[in-house]
Each structure stands twice: as C-alpha cells, then as structure tokens.
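Encoded as structure tokens, the structure appears first; notes follow it.
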Amino acid sequence: MSELNQNTDFLYPFIEGTETDVDALLTDLAASARGKAEVSARLQQASLEEYEEDLRAAGIAMSDRFARGGRLYTFGNGGSSTDAATLASLFCRPVRGRAVPAWSLAADQAVVTALGNDVGFELIFSRQVIAHSRPVDVAIALSTSGNSDDLIRALSEAKHRGLLTIGFAGHEGGSMSTSEDVDHCFTVHSQSIHRIQESHARIGFRLWSIVQEETERRVADLMAAGSRAPGGIR
C-alpha cells in the first residue's frame, strides 16, 4: 500500500488500495457521507437541547449590550478562525433582521502577524481586546479543545474589562469550560473536530436567532410604549 493510502485510511477505511469496483466504491462513499451527516445532525440537536436555557440567557445579555451600543468580537485559531469570521459576518451582515457591529480578530493578517512577531502568538487576541474593546462589548472565542492559550488570555482580558464573555468549546471543554472569566461556555461533547465545528456553527446560528428575537421584542415594546405616551406615535 502506498504512503498516501496509509495516510488517508482513517478517513475511508473501507477503500482498498486495489479497489476497482467503481459502483461499490460510490455506494460506500455515499453511505459514509450519510452516516457522518446523521451523526452530525444528532450531535447538533443534542447540543442545542443541552444549552437552550443558557443560549437564551446569553442571547438576551448580548441583545442588551447591542442596544447600549455594544460591539461583538470573535476569535479562534485554524479552522475555528474561519468559523469565528463566519459568526461575525452573520451578526454584521445578516440576510435578514438587524445588523450589529461585529469583527473577527483573526481576519486582519497584518495585525495578527505583527502581534505574533512583535509580542508573541499567545497575545494576538488579548492585545486587540485591549486596543478596541469597551465594557459594553461582547467577546466570543471558538476552540475545539477549549485549551488554546491565546483564547484563554483574551477571554480573561475581556472579562477584566467588563465585556460579556462566551466560549465555544469541544471534547470535555478544557480550561474554557472551568474558567471564571467565561460567562457562558457551550461545549460540544465529541472527539471529532469536524463534528464539533459543525455543531459550533449551529450553536452560533441559534445564538444569533435569539439575539434577533430579543431585539425585535425590545423594538416592539418601545413602539408600544411610544404609542401609549401623550403625543406619542399615532
């Protein structure tokens, strides 16, 4: 068996190095994809059910901060940095609903590489929190392990400065799940990085949905109060 086959056997263990039956191979590949999709869907649903109450509490707290002019900062490493960017985009450029100011702290490669080179990789996010954040803001860190030192430092700095701090973790939650600097931590209980990140995306979307629902409720309440006030909205 070639070195390439040895390195990819863990992905598709049913593929033989001498596989020649194309139809059987396609059938196995389709079954594998369906199986992974089913596992992912069950994990996403289980995560939402486990954290629904805390997700609602976090979403309401975020909506309150956005109503007071707060901004959202997201950050993560590797694949989680792209998930962080997607989450920030969902909040600041939604396909529907109200946009809020949101940035991914991993998005500016000039800033990230400058900080990594000048002060150390473990400070690339905490230094940006120091530079940009205000007490009314929100910080969300995404990590499949929950143990990334640069994220833990940034969350600690954010909490020290009065930000609402939220962590997305995986496996058993790591340091993120036990830190007093994290107001809300959503741990996806899986050993698969792929399944964890898929559930993180679903949790992020649920969080955004709750923020939108709460924001609309606040606007409706203000409109109702204005219509009841003397000389108010007619």
Counted residues, segment 176-201 - those being out of contact with any strand residue (DSSP E or B) (no Cβ under 9 Å at 6 or more places or on another chain) and in a helix (DSSP H, G or I): 2
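This table checks each residue for (1) at pLDDT 95 or above; (2) at negative phi.
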position	(1), (2)
Gly174	yes, no
Asp181	yes, yes
His189	yes, yes
Gln197	yes, yes
Ala201	yes, yes
Gln212	yes, yes
Gly232	no, yes
Of the conditions (1) under 22 Å from Val188 (Cα atoms); (2) out of contact with any Lys or Arg (no Cβ under 8 Å at 6 or more places or on another chain); (3) of a type outside the set (Asp, Glu), Gly69 clears all except one; give me its number. (1)
Is one or more of the residues making up segment 81-100 hydrophobic (A, V, I, L, M, F, W, C) and within 16 Å of Asp181 (Cα to Cα)? no
Find all pairs meeting these conditions: Cβ atoms under 8 angstrom apart; at least six residues apart or on different chains; first residue within segment 206-226 and farther than 26 Å from Thr86 by Cβ; second residue surrounded by fewer than 19 Cβ atoms within 10 Å (Cβ to Cβ). Met223/Ile233; Ala225/Gly232; Gly226/Gly232; Gly226/Ile233
Can you tell which of Ser156, Ser209 is under 17 Å from the mean Cα position of the chain (by Cα), part of a helix (DSSP H, G or I) and not aromatic (Phe, Trp, Tyr)? Ser209
For segment 90-116, which residues satisfy the criterion of being under 18 Å from the mean Cα position of the chain (by Cα) and buried (at least 18 other Cβ atoms within 10 Å of the Cβ)? Leu90, Phe91, Val100, Ala102, Trp103, Ser104, Leu105, Ala106
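Restricting attention to segment 55-65, does a residue exist that is more than 20 Å from Glu216 (Cβ to Cβ) and either at pLDDT 95 or above or of a type in the set (Val, Ile, Thr) (or both)?
The answer is no, given that none of the residues of segment 55-65 is more than 20 Å from Glu216 (Cβ to Cβ) and either at pLDDT 95 or above or of a type in the set (Val, Ile, Thr) (or both).
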Flagged in segment 64-80 as within 21 Å of Ala201 (Cβ to Cβ) and either without any contact (Cβ under 8 Å) to a residue 60 or more places away in the chain or in a loop (DSSP other than H, G, I, E, B) (or both), in numbering order, are Asn77, Gly78
Kindly indicate the residue of segment 35-59 that is small (Gly, Ala, Ser) and within 21 Å of Thr165 (Cα to Cα) and also farthest from the chain's Cα centre (by Cα) among those meeting that condition. Ala57
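The values are calculated or read from the model by the stated rules, or taken from the named source; none is laboratory data. Every value quoted in this text rests on a predicted model; they were computed, and no experiment measured them. Every residue, glycine as well, gets a Cβ built from its backbone with ideal geometry; the counts of neighbours run over all protein chains shown.
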